[in-house]
Amino acid sequence: MEKFFRRTKQLLDDYKPDMVYFDDDILPLYEVDKEIGLKLAAHFYNSNLQWNHGKLEAVITGKHLNDIQKRSIVYDIERGKADGILPLPWQTDTCIGSWHYDRAIFENHSYKTASTVIPMLADIVSKNGNLMLSVPLQRGGMPDSDEIQIVKEIGEWLKVNGEAIYATRPWKVYGEGPSTKSSEKGQFDGQSDVQKKPFTAQDIRFTQSKDKSTLYAMVLSFPKDGKVTIRSLSGNSEHWPGQIRSVQMLGISQSLPFTRDTEGLHVTLPGKVPGKIAFALKIRS
């Protein structure tokens, strides 16, 4: 235990990381000796304050935390996600394949695809979470061709829709649609990271800008008729009692035509859309 403490402390001192992921319940060796993990956490936080001139940028993660522990380190749900919006930031750690490189997954082309990862990302962020996605590398240190294509497709989607993901905050509700009515239990905690049942155009996840001036509605599947109804934004909605002045699709500059009634906000999509997996609408009052 002393050797582990010294090696981990040296790693922190030598490399000055922003984040330390402990694959442990609460902190390392917590069931045996609570002091070791707490001393490492204190050393990391104090050192990070010095590295960043008084601003704390350090992130430590742990699993199966109680409410007090969640205020001290970041709650991590392995291969899972929260049931709803959590009051404090949390994260999912998952992998597009196995935690270690498995050539059979490549040969069978059975990685999580971009069309699987992107709705998962939208759901996680809408619930105040972050996604840490592992891409296992071959023994030479390189990803294989399938992995490169998956990461490229995720990157292409984020180039268009990243405004609805990066630096956003959860809204009043995380989402709507059939996928919010039922959930599949996760392997370790919370819900499963990947939903087996296909998403529909009624499945929508919400985020908002930091200043709360802009709402983003990420629609997890393209509607066949080119129209989307957002029920959480109906004319009598308690979530948005004021007017809606503009609706845009990220990646397209012009505003979209819309109507609003007691059933919801009805948006007509353009004939040509940027992407094939999911899309985000930018809504402002």
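The values are calculated or read from the model by the stated rules, or taken from the named source; none is laboratory data. Quick caveat, the model's predicted, so the values are computed rather than measured. Virtual Cβ from ideal backbone geometry, glycine too; neighbours counted across all protein chains shown. Remember, those area values only see protein heavy atoms, side chains included, never the ligands or the DNA or RNA. Shrake-Rupley method; radii C 1.70, N 1.55, O 1.52, S 1.80 Å.
Note on His100: accessible area is roughly 150 Å² with a 1.4 Å probe, heavy atoms of protein only. When the listed pairs Lys185/Lys224; Lys127/Lys181; Lys16/Lys39; Lys39/Lys185; Lys127/Lys196; Lys112/Lys185 are checked against a 27 Å cut-off, the alpha-carbon distance exceeds it for Lys185/Lys224; Lys39/Lys185. The coefficient of translational diffusion for the range 1-49, derived via Stokes-Einstein from the alpha carbon Kirkwood radius under 10 °C and 1.306 mPa s, stands at 144 µm²/s.
Along the range 16-29 the Karplus relation, 6.51 cos²θ - 1.76 cosθ + 1.60 evaluated at θ = phi - 60°, assigns HN-Hα couplings of 6, x, 8, 9, 10, 9, 9, 7, 9, 6, 6, 9, x, 6 Hz to successive residues, with x for each Gly and Pro. In this simple spin-label model, placing a label point 7 Å from the Cα along the Cα-to-Cβ direction at both His109 and Val173 gives a separation of 3.9 nm.
Which aspartates and glutamates have a Cα lying under 12 Å from the Cα of Lys172, excluding residues fewer than 8 positions away in the same chain? Cross-link targets: Glu238. An ellipsoid equivalent to the range 56-103, defined through the eigenvalues of its Cα gyration tensor, has semi-axes of 24, 13, 9 Å when rounded to whole angstrom and sorted largest first.
When the charge dipole of the chain is built from unit charges on Cβ atoms (+1 for Lys and Arg, -1 for Asp and Glu) and taken about the Cα centre, the candidate among Trp90, Tyr21, Pro270 whose Cα reaches farthest toward its positive end is Pro270. Within a straight-line Cα-Cα reach of under 14 Å, Lys276 can be paired with the following aspartates and glutamates, leaving aside sequence neighbours fewer than 8 residues apart in one chain: Glu153, Glu156.
A straight chain from Gln149 to Arg231 at 0.36 nm per residue would run longer than the Cα-Cα distance by 26.0 nm. Here the 3J(HN,Hα) profile of the range 266-278, calculated from phi with Karplus coefficients 6.51, -1.76 and 1.60 at θ = phi - 60°, is 9, 10, 9, 7, x, x, 10, 10, x, x, 10, 8, 7 Hz, Gly and Pro shown as x.
Between 0 and 90 degrees, the angle of helix 114-126 with respect to the longest Cα principal axis of the chain falls at about 80 degrees. In the calculated pair-distance distribution of the range 113-154, the portion above 12 angstrom amounts to 63 percent of the Cα-Cα pairs. Here's how it looks for Gly235: its modeled amide H is under 5 Å from those of Asp261, Thr262, Glu263, Gly264, which are all 5 or more places away or on a different chain. Subtracting the Cα-Cα distance of Ser246 and Tyr21 from their residue separation scaled by 0.36 nm leaves 76.9 nm.
When the chymotrypsin sites (Phe, Trp or Tyr not before Pro) in the range 92-165 are filtered for DSSP coil states and for at most 13 other beta-carbon atoms within 10 Å of their beta-carbon, the remaining sites are Trp99.
Distances between placed amide hydrogens fall under 5 Å for Phe22 paired with Thr61, all partners being 5 or more residues away or on another chain. Counting charges near Leu220 (Lys, Arg +1; Asp, Glu -1) among other residues having Cβ under 12 Å from its Cβ returns a value of -1.
Dipole size of the range 77-149 about its Cα centre, with +1 on Lys/Arg Cβ and -1 on Asp/Glu Cβ: approximately 120 debye, rounded to the nearest 20. Ordering Ile73, Gln202, Ile60 by the projection of their Cα atoms onto the charge dipole of the chain, which places +1 on the Cβ of Lys and Arg and -1 on the Cβ of Asp and Glu, puts Gln202 at the extreme positive end. Take the Cβ atoms of Glu2 and Leu158, set R0 to 51 Å, and the FRET efficiency comes out at 0.75. Between Glu57 and His43, residue separation times 0.36 nm minus the direct Cα-Cα distance comes to 3.7 nm. The local environment of Phe106, defined by Cβ-Cβ distances under 11 Å, has a net charge of -4 under the rule Lys, Arg +1 and Asp, Glu -1.
DSSP beta bridges fully contained in the chain are about 65 percent antiparallel.
Each Lys and Arg Cβ is given +1 and each Asp and Glu Cβ -1; about its Cα centre, the range 17-102 then shows a dipole of about 340 debye. Sequentially through the range 89-96, phi angles give Karplus couplings (6.51, -1.76, 1.60; θ = phi - 60°) of x, 9, 9, 9, 10, 8, 9, 6 Hz, Gly and Pro residues having no value and appearing as x.
Summing Cβ point charges (Lys, Arg +1; Asp, Glu -1) relative to the Cα centre of the chain gives a dipole of roughly 880 debye. Within the range 245-285, the trypsin sites (Lys or Arg not before Pro) that combine a DSSP coil assignment with at most 10 other C-beta atoms in a 10 angstrom radius are Arg245, Lys272. Just so you know, the Cα atoms of the range 195-285 work out to an Rg and Dmax of 12.7, 37 Å.
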